[in-house]
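Peer 1: I have a structure I would like to understand better, so I am pasting it below and will then ask my questions one at a time.
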Amino acid sequence: MCYDSKSQPPDPPGERGKATAQDLVLTASDGNQFAAYYAQSESPARAQVLIYPDIRGLHQFYQDLAMRFAEVGIGALSMDYFGRTAGLTARNDEFDWQTHVAQMTLPTFYADVAAALEFLQKDSEAKTFVTGFCIGGTFTLFTGTQNFNLAGLIPFYSGMTRKFPGADGTALENAHKIHYPVLGLYGGADQGIPVEMVHQLDAELDQANVTHEIVIYPGAPHSFFDRHQPKFESESADAWTRILGFIRIQSQ
């Protein structure tokens, strides 16, 4: 798995303001209900982000991450993937995520994404970004091929070879179809995502002719963005700085 119950997102740089959060149940156009967690700043949002979790779905790490975004003035919604097969049950350490990942399809995922974006964008003119981790990073790349109203994509260590029912190839094979700016963040020592594959993603985005930056942190493993990985504190800090800069520039 990407993050366990002890993992915590690193703190963003600078001052943090007050934020509030709430648990939600959202409904897709086909009637599917799924859990989400929404955090918002007390001040008007300067941007907003939809967060795709790792393979465990909506667990504590992604609730905390939504709060960190909201504390720096960026509204954030973390969504769950498994409402269709696991209902609204908890995504704790006992959750059998493997069974439910195997049942996911790309079209039904997009239907849930549309509902999440509708919630975020209904009463807001703030630019919307998508970020995701591990399988969520993969979904971030796939999302970039769709006609959603987005300002940019921020995939963290996105797997690129997984095939989903309903998809026309892998995320890497579809990367040339992406039409939103991309900031990709990867670990140079990630054993599951070879550096050569990350370079290939960079080349595919060149072909797509979209603004993009692919960052590879030498020596950093998969899931380095974690407060409980102090060895990679500087990489996490740099990732936050790049994320906030990317959002600021693409929001202009």
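Rule-based calculations on the coordinates, nothing more; no lab input. Just so you know, these numbers come straight off a predicted model, no measurement behind them. Virtual Cβ from ideal backbone geometry, glycine too; neighbours counted across all protein chains shown.
Peer 1: If you average the alpha carbon positions of the stretch 201-230 and of the stretch 79-102, how far apart do those two centres end up, in angstrom?
Peer 2: 27
Peer 1: Report the one residue of A102, A36, G188 whose Cα lies farthest in the direction of the positive end of the charge dipole of the chain (charges on C-beta: Lys and Arg +1, Asp and Glu -1; origin at the Cα centre).
Peer 2: Positive-end residue among those listed: A36.
Peer 1: Work out the charge dipole of the chain with +1 on the Cβ of Lys and Arg and -1 on the Cβ of Asp and Glu about the Cα centre, then indicate which of T138, S158, H179 is farthest towards its positive end.
Peer 2: Positive-end residue among those listed: H179.
Peer 1: Which trypsin sites (Lys or Arg not before Pro) from the stretch 78-160 combine a DSSP loop assignment with at most 12 other Cβ atoms within 10 Å?
Peer 2: K122
Peer 1: Here's something else I'd like to know. To the nearest 20 Debye, how big is the dipole of the stretch 1-128 about its Cα centre, given +1 on the beta carbon of each Lys and Arg and -1 on that of each Asp and Glu?
Peer 2: Roughly 200 debye, rounded to the nearest 20.
Peer 1: Quick one: of the DSSP bridges fully inside the chain, what percent are antiparallel, nearest 5? Can you show the working numbers first?
Peer 2: Details: 13 of 36 bridges.
Rounded to the nearest five, the antiparallel share is 35 percent.
Peer 1: In which sequence would F119, F225 go, from the one with the fewest C-beta neighbours within 10 Å to the one with the most?
Peer 2: F119, F225
Peer 1: So how do 133-145, 13-25 stack up, highest first, on mean other-Cβ count within 10 Å?
Peer 2: 133-145, 13-25
Peer 1: Okay, which of the stretch 108-152 sit inside 15 Å, backbone N to the point 7 Å along the Cα-Cβ direction of D30?
Peer 2: It comes to 108-116, nothing else.
Peer 1: Would you mind telling me which residue in M104, M79, M160 has the biggest mean-square fluctuation in a Gaussian network model of the chain, where springs connect alpha carbons within a distance under 10 angstrom?
Peer 2: M104
Peer 1: What list of ³J(HN,Hα) couplings, whole Hz, do you get for the stretch 225-234 from phi and the Karplus terms 6.51, -1.76, 1.60, once you set θ to phi - 60° and write x for glycine and proline?
Peer 2: 6, 7, 4, 8, 10, x, 4, 10, 4, 5
Peer 1: Counting Lys and Arg as +1 and Asp and Glu as -1, each charge on the Cβ, what is the dipole of the stretch 49-111 about the Cα centre in debye, to the nearest 20?
Peer 2: With Lys and Arg at +1 and Asp and Glu at -1, about 200 debye.
Peer 1: Through the Karplus equation 6.51 cos²θ - 1.76 cosθ + 1.60, θ set to phi - 60°, convert the phi angles of the stretch 98-108 into ³J(HN,Hα) values in whole Hz; use x for Gly and Pro.
Peer 2: Computed from phi, the couplings for the stretch 98-108 are 4, 4, 8, 4, 5, 9, 6, 10, 5, x, 6 Hz.
Peer 1: Rounded, prolate or oblate, given the Cα gyration tensor of the chain, with a/c below 1.5 counting as rounded?
Peer 2: The shape class here is rounded.
Peer 1: Please enumerate, by chain and number, the lysines with C-alpha under 18 Å from the C-alpha of K177, excluding those fewer than 8 residues away in the same chain.
Peer 2: Output for K177: K163.
Peer 1: Ranked from highest to lowest mean number of other Cβ atoms within 10 Å per residue, what is the order of the peptides 109-115, 64-70, 166-172?
Peer 2: 64-70, 109-115, 166-172
Peer 1: Magnitude of the Cβ-charge dipole of the chain, K/R +1 and D/E -1, about the Cα centre, nearest 20 debye? Numbers along the way, then the final one.
Peer 2: Details: 17 positive and 29 negative charges, 52 e Å.
The dipole of the chain has a size of about 240 debye.
Peer 1: Here's a follow-up. Where a Cα-Cα gap under 22 Å defines reach, which lysines qualify for K6, not counting those fewer than 8 residues away within the same chain?
Peer 2: The qualifying lysines are K231.
Peer 1: Under a crude label model (7 Å from the Cα following the beta-carbon direction), how far is H228 from T85 in nanometres?
Peer 2: The modelled label-to-label distance comes out at 2.6 nm.
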